[in-house]
1. Checking the conditions here, which among His106, His96 is touching a residue at least 40 places away in the same chain (Cβ under 8 Å) and either closer than 22 Å to Lys54 by Cα or more than 36 Å from the chain's Cα centre (by Cα) (or both)?
2. Run Ala134 past the list (1) in contact with a Lys or Arg (Cβ under 6 Å, 6 or more places away or on another chain); (2) modelled with pLDDT under 90 and report the number of the one that doesn't hold.
3. Can you find, within the stretch 56-72, the residue that is farthest from Val82 (Cα to Cα) among those that are part of a helix (DSSP H, G or I) and among the charged types (D, E, K, R)?
Amino acid sequence: MPLKTVQVSLHPTFLRRVVPLVFAATVGFSAAFVPNVALAHGSAADAPPPPTPKAPPGDGATAESLLKKLEALGPKIQTVIVEPVKQAKKALERAHGARTAGDTTHARLLDALALEWAQTAEMLAQAAASEETATTAQKQAADAATQLERARTLLEETQARKGRAEAELARVEAEAKQAAADAKAAEEARLGGGKKGKDAKDAKGKDTKAKDAKGADAKGGAKPAPKKGSK
């Protein structure tokens, strides 16, 4: 049996009532369907947030430039500035959202806030670097003082050893001089004693000869002196 085409005229009042209901049902279906798709492909919370586009010239761009410089600092300083850097990035994200929504006023305010956080992070980084430099300088000064004290102690010990060596050398030299003097005196005494003995022996020999001569004269008698003119 052929189908008959039925034409239905929709009244404007009917459209105003039905269209919002259809739209709400469509939105509800999308809201119910999208989370299921997200769960099927992994949690949306686990996915990293998309990178924030660069800010236009102004406070936002200056803040981004400071943050890029701070990223090149060492890990010790990074631990100090982690919170202000986090707040600066968050403010930049909010500023981008405000610009996307057409709210340029709040976008500028959020850019200024991001710049303040970035400058705060920069000041903290400078303070941390200064403190690290001061700590290093203090350690170097302490090491230098320790080395100086060791050198001073070594110098005192060297001077003490030098004094003892000089005293020992003086004692040895004095003993050597005394020994030389004693040896010289002994040699002179030996030489002097030998000469005296020889002189005494010679004198004794002379006395013996004199005595022998006298004895001979006494035994043989006196020999008359020759007369004058006699042959």
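The values are calculated or read from the model by the stated rules, or taken from the named source; none is laboratory data. Just so we're clear, the structure is a prediction, and the values are computed from it rather than from any experiment. Ideal geometry is used to build each Cβ from the backbone, glycine not excepted, and the neighbour counts take in all protein chains shown.
1. His96
2. Unmet for Ala134, out of (1) in contact with a Lys or Arg (Cβ under 6 Å, 6 or more places away or on another chain); (2) modelled with pLDDT under 90: (1).
3. The qualifying residue farthest from Val82 (Cα to Cα) is Asp59.
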